[in-house]
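Data block below; observations after.
The values are calculated or read from the model by the stated rules, or taken from the named source; none is laboratory data. Computed from a predicted model, the values in this text were never measured in an experiment. Every residue, glycine as well, gets a Cβ built from its backbone with ideal geometry; the counts of neighbours run over all protein chains shown.
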Amino acid sequence: MQHSPSMDRRQLLRAGGALGLGAATAPLLGAPAQAAPSRPRTTVTDLGPAIEQFALMSGILVGDTVCIGSRNLTPTRLIAFHLPTRKVVARTDLGTGHSVQALAADPSGRYLYAGVLTKADEGRPNLFRWDLTTPDRPAVAVGRTEDRDIRELAVAPDGTVYAVGGIPGKAPALWMYDPGTGAVTKLGIPDPNATLARAVAATDTTVFFGAGSVLSGGGEASRASLYAYDRAEGTFTDITPPELQRDPSLRELAVLGDRLVVSTSGSTEAAKLAVMDLADLSSYTVTPTRGKVAKTLTTDGERIYFAGDAGLHAYTMATRTITPVAFDGPELGEIWGLDHTGGTLAVVSGYGFVAEVDIAAGTSTVTDLGSAGASVDPQTVMGIAADRRYVYVGGNNVIARHDLRTGKVVNLRAPGEAKDAEVLNGVLYTGQYSGQGMWTYDPAEDEQPRQLASFPSEQNRPLDVCYDPVNRLLLVGAQSDTEGGGSLWTYSPRKGRKAVFVDPVDENQLVRAVATRDGIAYLGGDNPTAQGPRGTLVAFDPVAGREVWRTDLPLSTGVAALAVQGRHLFGLTRRGGFFVVDLPARQVVHTADLRGICPGFAAMVTGRGAVYGVSDTTLFRIHPKTFAVTTVVPEINGAWYSGPHVTVDARGRLYTMRGHHLVRVEDRP
């Protein structure tokens, strides 16, 4: 991208100082730069699989068997867990996508339908069917929706299948699969301003479609919306109760007897539960829950059970009250499946187990799926942090602790996802998605991680964690999926004080990257919407809570990573742009195009006087003075879930991923 004179002039005048771009005549994305080959001074040590656990994202009871869909495992798969014997009795591999979030069975219980999530539009089937009468035969692909991801499925009484989901940049549609003809048909887009649909339910006459803006919210994105699709007429009618419209999205729909049960995703308010009369949809009740999550709906006829922020809850229809379900079992974490059968709740936990909760007795039985026969394989990972003794790797509902002395790996339980982390004086600090705030773990004192500090729940996606040694503060950059924009969090481990600064860049730009020098935090902005600036750099005083200066970098995409070495701030964009800012001069002094080795998201760290970057494909080194780029490990190809990470220990050794394995890289620049 060329710098326009008007943009340069505007930047020179920003913040009342000389904030111009010293490299304003050079393109930030010119001819792709090629990294110089690495000399034989790098040692790579394989530390084994980063995280091994049966990770899951869905569960449904069919007869006496719980069918479960995997998450971030290769290959994507379904397993069948037989409740009477508490054994995994069948498995089938799907082979596309990275996770299975949507499961639904046909009325006969013979066919299980599964919808997959993908990282990109693979152009391959995303709807599968498994014949449970012959579970040894593999599931078959039956169709593909043009929405990249399938988030929810419903099967009407006549066997017709309905699917909803989404794809970035497009409003979600309602899709139909006809098992008689094998055709997949797009039935329409009822809400053109929605960004994602996660709820669908069907009767003989009507399909209910729930959507909103749980991802890419803010701006003109819609809030919670509920539509009724007339199967005979082929028309949509908006039936959203006004009481639900303040929430960002519909979370779940279920036809339970003669009622339609609706739940929302909470953000600035608590999630809500609505019970609607199918015979008269204008007749309904709405009850706020006690948290921001209400999903996986099931009933015993008198009560509606659902998964909330803190485990299981029951809504008594006669009194319209919500109470926790008490039992003697462990904390359940993220719940991805909940069904009622004979006075028992079958719970599918993201921690990789199935819990059977006896409602009347208040007791439970827990079965680990790995011990029951599920194949435990390496999953894709997220944040990494290290000190001299341990390396921690974040995944879905798990943080793996690697002991560098013994090689032993222990799985720690932490709900959600540890997006990024730091280790200070032997204590781990993480940013936990979604809406979990900061968590901590001291291996000398804690059996399991625990929540350290909460932050506004709508600031739900922490992305980058770093430590400010001058102010003795942990700094966390975050994104608000539902409201747009983002925030900077600060936490003092010494004093136990926290603060949050919402939208320090602007109302559209999240804070994707944070770096620090001399007590000033440098925030890298990123804008997932089509409107407004992107790639704004803000210098921010985290103690006073005020902006010091800013500049709009001439970027077509936002900042992906930042690191400080000496007087320079080094940055990478989400599409391989590389820039260097002279911080005392507040001036860009170097730009280059690194798309050849950094095609997408990236992370940066400093060690042994150099700057290191990692992309999905390559680990590379940046010279702190000449800014020359050298490949350290080519084709590292880490198995990442939400963007690559790299960390450094006190000895200057790097840790990142090569494939599904954690590796230590000893580089001698």
Taking the range 378-400 as the search range and keeping residues that are within 16 Å of Tyr351 (Cα to Cα) and touching a Pro at 6+ places or on another chain (Cβ under 7 Å), which one is surrounded by the most Cβ atoms within 10 Å (Cβ to Cβ)?
-> Ile399
Enumerate the strands (runs of 3 or more DSSP E) found wholly within the range 333-384, keeping only those where 2 or more residues are charged (D, E, K, R) and touching a strand residue (DSSP E or B) at 6+ places or on another chain (Cβ under 9 Å).
-> 353-358
Options Thr617, Thr656: the member that is within 27 Å of Ala120 (Cβ to Cβ), in a loop (DSSP other than H, G, I, E, B) and of a type in the set (S, T, N, Q) = Thr617
The lone condition Gln448 fails out of (1) crowded, with 22+ Cβ neighbours inside 10 Å; (2) touching a Leu at 6+ places or on another chain (Cβ under 8 Å) is (1)
What single numbered condition from (1) crowded, with 22+ Cβ neighbours inside 10 Å; (2) within 28 Å of Leu112 (Cβ to Cβ); (3) modelled with pLDDT of 95 or more; (4) not basic (Lys, Arg) fails to hold for Val214?
-> (3)
Of the listed residues (Asp204, Asp178), the one being free of Cβ contacts under 8 Å to residues at least 24 places away in the same chain and either farther than 29 Å from Thr529 by Cα or more than 24 Å from the chain's Cα centre (by Cα) (or both) is Asp178
Among the strands (runs of 3 or more DSSP E) contained in the range 101-168, which hold 3 or more residues that are of a type in the set (Phe, Trp, Tyr) and buried (at least 19 other Cβ atoms within 10 Å of the Cβ)?
-> none
Quick one: in the range 563-615, which of the residues that are of a type in the set (S, T, N, Q) and over 26 Å from Met657 (Cβ atoms) is surrounded by the most Cβ atoms within 10 Å (Cβ to Cβ)?
-> Thr591
Tell me, yes or no, whether the range 619-628 has at least one residue that is out of contact with any Gly (no Cβ under 9 Å at 6 or more places or on another chain), farther than 13 Å from His568 by Cα, surrounded by fewer than 22 Cβ atoms within 10 Å (Cβ to Cβ) and touching a residue at least 40 places away in the same chain (Cβ under 8 Å).
-> yes
So is Leu132 more than 26 Å from the chain's Cα centre (by Cα) and within 28 Å of Thr298 (Cα to Cα) or not?
-> yes
Name the single residue, out of those in the range 231-252 being part of a loop (DSSP other than H, G, I, E, B) and hydrophobic (A, V, I, L, M, F, W, C), that is farthest from the chain's Cα centre (by Cα).
-> Ala232
The one condition Thr529 fails out of (1) at pLDDT below 95; (2) hydroxyl-bearing (Ser, Thr, Tyr); (3) assigned to a strand (DSSP E or B) is (3)
Looking only at the range 526-554, and only at residues there that are among the polar types (S, T, N, Q) and within 18 Å of Ala478 (Cα to Cα), the one that is surrounded by the most Cβ atoms within 10 Å (Cβ to Cβ) | Thr536
Is it fair to say Thr406 is in a strand (DSSP E or B), over 28 Å from the mean Cα position of the chain (by Cα) and surrounded by fewer than 22 Cβ atoms within 10 Å (Cβ to Cβ)?
-> no
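Conditions tested, residue by residue: (1) assigned to a strand (DSSP E or B); (2) buried (at least 24 other Cβ atoms within 10 Å of the Cβ); (3) at pLDDT below 95.
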{"position": "Leu463", "(1), (2), (3)": "yes, yes, no"}
{"position": "Tyr467", "(1), (2), (3)": "yes, no, no"}
{"position": "Thr490", "(1), (2), (3)": "yes, no, no"}
{"position": "Arg494", "(1), (2), (3)": "no, no, no"}
Hey, could you check the range 224-252 for residues that are closer than 17 Å to Ala211 by Cβ and among the hydrophobic types (A, V, I, L, M, F, W, C) and say which is surrounded by the most Cβ atoms within 10 Å (Cβ to Cβ)?
-> Leu250
Tally the residues that are under 11 Å from Thr647 (Cβ atoms) and of a type in the set (Gly, Ala, Ser), restricting the search to the range 605-622.
-> 1
